[in-house]
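First up is the structure itself, then whatever we jot down about it.
All of the numbers you see were taken from the coordinates with simple rules; none came from a lab. For clarity, every value in this text was computed on a predicted model and none was experimentally measured. Don't worry about glycine lacking a Cβ; one is built from the backbone with ideal geometry, like all the others, and counts go over all protein chains shown.
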Amino acid sequence: MRWTMPKYILRISAFGSFVGGVILFKEALGGSNYNGTEDLTGKTVIITGTNTGIGKETALEMAKRRARVIMACRNMEACREARRSIALETRNKHVYCQECDLASQESIRSFAKEINERESRVDILINNAGVMRCKKSATKEGIELQLGTNHMGHFLLTNLLLDKVKASAPSRIVNLSSSAHHRGRINFSDLNSDEKYDEGEAYAQSKLANILFTRELAERLTGSGVTCNAVHPGIVFTDIGRHMSINNSWLAKIFLYPFLWVLLKTPRQGAQTTIYVALNSELENVSGKYFSNKAEAQVSEAALDREAAKRLWAISECWSGLK
């Protein structure tokens, strides 16, 4: 008597093979993990925007490497939940939540004051938090929200912590930018989008500002032992795109989300370039550069404009109350 495999088993096997193939394809498409072996025992790492997504994955990796991790977040309830899961997974008790709302300069100053008074060192500062393509709104100081959060907030935070970072040298600052900077221009005649607001243009402007800030800061830090670099994490499937119209369509969620899940990077994959730039020993003296997929990448011509960088710096000092 000849035995044949039941059809339902064949179907389950075929489905399992298909799912496995999709997962392998997604892993290959998203790039490999950073496999450096750096131990961060005794080091302090500050990361903004660590409730979810790339920030949380970055905090997780730093905690695995035994760093003292400070999670700077606006939503403290979500931060505590993320902190709990990271601490349990890594068995690292030196993971802390501290409130920092980048849309409030008062909150940023309060955060920085506590860090400067309480912490003996800051070895790595990762400016990760951001907003994307939101409807027109403003920070508490009246600055357009995307420019105010993505650039001005991190500009102020970095400068307030800079003495502590310098005192901890060799140390590093990592700013998350985006390939969207290639579409950006700094509209000095309407920097705050008062006359005209386009959510995509405002986002691209803020990401270009991140790179101009990175390059200018790197130049000012020459010889200090502190490096400053920018990264593009890739197109990542996180809630930073929550303001986009696609997220308001149930049809898109049903039919488009599965494809986006396959094609876009996971938060873990998106965090790898940040981790690489923050830790890799070969980058110890590399500063003022832009990285994508764990390699140096080209920036736009607008990002190379030194005069624009200096002008933006001067405006940022005024708008953030530093000068």
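Key figures for this structure:
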read-out: Approximate spin-label separation V286-R121, in nm, with each point projected 7 Å along Cα-to-Cβ; value: 2.3 nm
read-out: Difference of contour (0.36 nm per residue) and Cα-Cα distance, H94 to C318; value: 77.0 nm
read-out: Between segment 148-171 and segment 285-308, the alpha-carbon center distance in angstrom; value: 19 Å
read-out: Relative contact order %, segment 36-319, counting alpha carbon pairs below 8 Å whose residues are six or more apart; value: 19 percent
read-out: Surrounding net charge for A230, when Lys and Arg each add one and Asp and Glu each subtract one, Cβ distance under 11 Å; value: +2
read-out: Straight-distance crosslink candidates among lysines, where the alpha carbon sits under 27 Å from K164 and sequence neighbours closer than 8 are dropped; value: K43, K56, K64, K93, K113, K140, K207, K289, K310, K323
read-out: Percent of beta bridges antiparallel (DSSP, segment 36-319, rounded to nearest 5); value: 10 percent
read-out: Sequence ranges 66-77, 98-109, 293-304, ranked by mean other-Cβ count within 10 angstrom, highest first; value: 66-77, 98-109, 293-304
read-out: Separation in nanometres of the label points that stand 7 Å from Cα toward Cβ, at Y197 and A297; value: 2.8 nm
